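Here is the structure we will look at, set down as structure tokens.
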Amino acid sequence: MFMDKIQNLAVKYASFTMQKSLRQNLQIDILHKDFTKQPNLDKSYMLYAHIPFCHTFCPYCSFHKYAYNEEKAKAYFENLRAEMIDKKNLGYNFTSMYVGGGTTLINENELLKTLELAKKLFDIKEISCETDPNHINPNELSKFKGLIDRISVGVQSFDDEILKKVARYDKFGSKDVLIDKLSKAIGILPVTSLDLIFNFPFQTKDGLINDISIAKALSPDQITFYPLMKSNITKDKIASSLGISQKDNEAQFYEIIRAEFKDYHSNNSWSFSKTKSNLQDEYVGSNHEYLGVGSGAFSFMDGELYVNAFDLDEYGSRIINHRSATIAKCKFEQKQRLKYLFLTELFDGQICINEFNQKNQANLTQSLFLELTMLKLTKAIIIKDGKITLSKFGRYLFVVLMKEFYIGMDMVRAVFRDGKKLKSGTKLKVMEGLE
Ligand SMILES: C[S@@+](CC[C@H](N)C(=O)[O-])C[C@H]1O[C@@H](n2cnc3c(N)ncnc32)[C@H](O)[C@@H]1O
Ligand code: SF4
């Protein structure tokens, strides 16, 4: 009982501290001249490509996207390929690629050309793509055999009332239509993952359990349950489409999810696989360093976050002129950087202290002494034989922290969205960018 209270407080405190730290420490520098990040040849980076197009805009989603237009999309994919060639010419190489959106399969032919080129340019062994339930038709998916290794399909929920409220029922289909589409698509590519969201306002426990059983019965290779993330960009849209509930079921629902997936392998704190797989659901997870191509893509390298031009015309004109697409960067202080690495690595399940220290030239137990002590006192982590693992409570705590981190990244997106023009040379804290 006493420990429950302490742990509740710890969740509130951790979430407040993460928000505060992102607000205060994430300073965005709008670059006043072109900046090209050179590769560090000793490091292995993942390639992230952003496809910013959707046929419909869902109220909870803050990812960078535009309404689909074939002509614009074709020109965009061409620029994306040109940007990849520029990276190759700089000496970059990658062994894995994550294509995120938006809706990455929105123009299958263009995506095919892009993935084929990526494999030709780099030593890419694994490709993951995100898509919606309208682009998983077996004939189309089959064209990607041998190219896409993992596809994650946004389902969000199998509850028709929720689907109607988030305007996906008419666009992507009712529960029955979704089940039919998914059952035909699963198995075509090596790994199919379903993305669902939990803790929608007024979602019931029975509704959640029903979502879990339908997802499990479809037998995809992976299932991810994201907690509903509400950022400044989306909170009003979520409130007007789904309502405002005074009750927050996040912790209770997460516990149900963990119990229902106890026989699955945890890829990380919110993603589960039928079998152990090294194809992760997050590019921020185990891939600490990644280079992003495309409009609005982020890169995280050497403790800095780089931001590509959001505006399609600006992005296109930079690429056509062989200029770098990077328009801004945010520097993480050494301690912030260590916290980020610690968060993302432990979110995946375990940290081997020696390996972590060697890989990051750090002294984890010294640099994060206070944080580790707090985590131990609240029984969030277990340190044994030089390894740090998350307890049952720790897994939930890290879900909350990761959620806050994602919301923090939304604050960065909010600074650039809607074609906002920011003066070059400006330095601003993310909060100022929102004003
Ligand atoms: C970038 S979206 C692409 C999905 C695809 N376009 C679709 O709609 O099916 C990837 C996934 O992020 C998750 N997601 C997006 N916004 C979210 C939010 N506010 N809270 C939790 N999960 C979210 C959804 O599960 C979504 O399927
Ligand atoms: S959830 Fe998917 S379809 Fe909906 S707006 Fe986000 S990226 Fe687009």
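Of these, Asp176, Asp170, which one is more than 15 Å from ligand 2 (Cβ to nearest atom) and either modelled with pLDDT under 95 or assigned to a helix (DSSP H, G or I) (or both)?
Asp176
For (1) more than 16 Å from Lys216 (Cβ to Cβ); (2) out of contact with any Asp or Glu (no Cβ under 8 Å at 6 or more places or on another chain), each residue gets a yes or a no:
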{"site": "Asp149", "(1), (2)": "yes, no"}
{"site": "Glu161", "(1), (2)": "yes, yes"}
{"site": "Asp170", "(1), (2)": "yes, yes"}
{"site": "Gly187", "(1), (2)": "no, yes"}
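Among the residues of the stretch 65-96, write down those that are touching a helix residue (DSSP H, G or I) at 6+ places or on another chain (Cβ under 7 Å), open to solvent by less than 20 Å² (accessible area, probe 1.4 Å) and either more than 16 Å from Gly294 (Cα to Cα) or not hydrophobic (A, V, I, L, M, F, W, C) (or both).
Once the filter is applied, which keeps residues that are touching a helix residue (DSSP H, G or I) at 6+ places or on another chain (Cβ under 7 Å), open to solvent by less than 20 Å² (accessible area, probe 1.4 Å) and either more than 16 Å from Gly294 (Cα to Cα) or not hydrophobic (A, V, I, L, M, F, W, C) (or both), the stretch 65-96 yields Tyr76, Glu83.
In the stretch 197-211, how many are crowded, with 21+ Cβ neighbours inside 10 Å and either part of a helix (DSSP H, G or I) or touching a Ser or Thr at 6+ places or on another chain (Cβ under 6 Å) (or both)?
The qualifying residues number 2.
Within the stretch 356-409, work out how many residues are under 16 Å from Pro227 (Cα atoms) and among the small types (Gly, Ala, Ser).
Total meeting the criteria: 2.
Six or more apart or on different chains, Cβ atoms under 6 Å: show the pairs whose first residue is in the stretch 60-76 and assigned by TED's automatic domain parsing to the domain that holds Ala167 and free of Cβ contacts under 8 Å to residues at least 12 places away in the same chain and whose second is in a loop (DSSP other than H, G, I, E, B) and surrounded by 16 or more Cβ atoms within 10 Å (Cβ to Cβ).
none
Working carefully through the options Lys113, Lys37, find the one that is in the same structural domain as Ser152 (by TED's automatic domain parsing) and touching a residue at least 12 places away in the same chain (Cβ under 8 Å).
Only one candidate passes the filter, namely Lys113.
Any chance the stretch 267-281 includes a residue that's assigned to a helix (DSSP H, G or I) and touching a helix residue (DSSP H, G or I) at 6+ places or on another chain (Cβ under 8 Å)?
For the stretch 267-281, residues assigned to a helix (DSSP H, G or I) and touching a helix residue (DSSP H, G or I) at 6+ places or on another chain (Cβ under 8 Å): absent.
Which condition number in (1) open to solvent by less than 20 Å² (accessible area, probe 1.4 Å); (2) under 25 Å from Leu112 (Cβ atoms) is the one that Glu140 fails?
If we test Glu140 against (1) open to solvent by less than 20 Å² (accessible area, probe 1.4 Å); (2) under 25 Å from Leu112 (Cβ atoms), just (1) comes out false.
I'd like to verify a number: residues in the stretch 1-50 that are touching a strand residue (DSSP E or B) at 6+ places or on another chain (Cβ under 9 Å) and of a type outside the set (S, T, N, Q), how many?
Let us first name the residues in the stretch 1-50 that are touching a strand residue (DSSP E or B) at 6+ places or on another chain (Cβ under 9 Å), namely 23-31, 34-37, 39-40, 43-50.
Now drop any that are not of a type outside the set (S, T, N, Q), which leaves 23, 26, 28-31, 34-35, 37, 39, 43, 45-50.
Total satisfying the criteria: 17.
Take the conditions open to solvent by 10 Å² or more (accessible area, probe 1.4 Å), in contact with a strand residue (DSSP E or B) (Cβ under 8 Å, 6 or more places away or on another chain), over 14 Å from Phe253 (Cβ atoms) and not hydroxyl-bearing (Ser, Thr, Tyr) and apply them to Pro190. Does it pass?
Values: open to solvent by 10 Å² or more (accessible area, probe 1.4 Å): yes; in contact with a strand residue (DSSP E or B) (Cβ under 8 Å, 6 or more places away or on another chain): yes; over 14 Å from Phe253 (Cβ atoms): yes; not hydroxyl-bearing (Ser, Thr, Tyr): yes.
Considered against the rule, which asks whether it is open to solvent by 10 Å² or more (accessible area, probe 1.4 Å), in contact with a strand residue (DSSP E or B) (Cβ under 8 Å, 6 or more places away or on another chain), over 14 Å from Phe253 (Cβ atoms) and not hydroxyl-bearing (Ser, Thr, Tyr), Pro190 comes out as yes.
In the stretch 114-134, which residue that is in contact with a helix residue (DSSP H, G or I) (Cβ under 7 Å, 6 or more places away or on another chain) and outside any loop (DSSP other than H, G, I, E, B) is nearest to ligand 1 (Cβ to nearest atom)?
Looking at residues that are in contact with a helix residue (DSSP H, G or I) (Cβ under 7 Å, 6 or more places away or on another chain) and outside any loop (DSSP other than H, G, I, E, B), I get Pro133.
Among the candidates Ile233, Ile212, Ile162, Ile197, which residue alone is closer than 30 Å to Gly408 by Cα, near ligand 1 (Cβ under 10 Å from one of its atoms) and at pLDDT 95 or above?
Ile197
Any idea which of Tyr60, Tyr68 is at pLDDT 95 or above, in contact with a strand residue (DSSP E or B) (Cβ under 6 Å, 6 or more places away or on another chain) and within 16 Å of ligand 1 (Cβ to nearest atom)?
One residue alone meets the criteria, Tyr68.
Residues that are open to solvent by less than 20 Å² (accessible area, probe 1.4 Å) and not assigned by TED's automatic domain parsing to the domain that holds Gly100: list the strands (runs of 3 or more DSSP E) wholly contained in the stretch 286-400 that include at least 3 such residues.
290-293, 298-301, 304-308, 326-331
Those residues that are at pLDDT 95 or above and either near ligand 2 (Cβ under 10 Å from one of its atoms) or of a type in the set (Asp, Glu) (or both), I need them from the stretch 30-54; list them, please.
Selection gives Ile51, Pro52, Phe53, Cys54.
Could you check the stretch 56-98 and list, in sequence order, the residues that are of a type in the set (A, V, I, L, M), under 19 Å from the mean Cα position of the chain (by Cα) and within 15 Å of ligand 2 (Cβ to nearest atom)?
Passing the criteria: none in range.
Hey, among Lys181, Lys235, Lys216, which residue is within 30 Å of Lys145 (Cα to Cα), open to solvent by 50 Å² or more (accessible area, probe 1.4 Å) and within 16 Å of ligand 2 (Cβ to nearest atom)?
Selected residue: Lys181, the only one of Lys181, Lys235, Lys216 that is within 30 Å of Lys145 (Cα to Cα), open to solvent by 50 Å² or more (accessible area, probe 1.4 Å) and within 16 Å of ligand 2 (Cβ to nearest atom).
The values are calculated or read from the model by the stated rules, or taken from the named source; none is laboratory data. Please read all numbers here as calculations on a predicted model, not as lab measurements. Note: ideal-geometry Cβ built from the backbone for every residue, glycine included; neighbour counts use all protein chains shown. Surface accessibility is based on the protein's heavy atoms, side chains included, excluding ligands, DNA and RNA. Shrake-Rupley method; radii C 1.70, N 1.55, O 1.52, S 1.80 Å.
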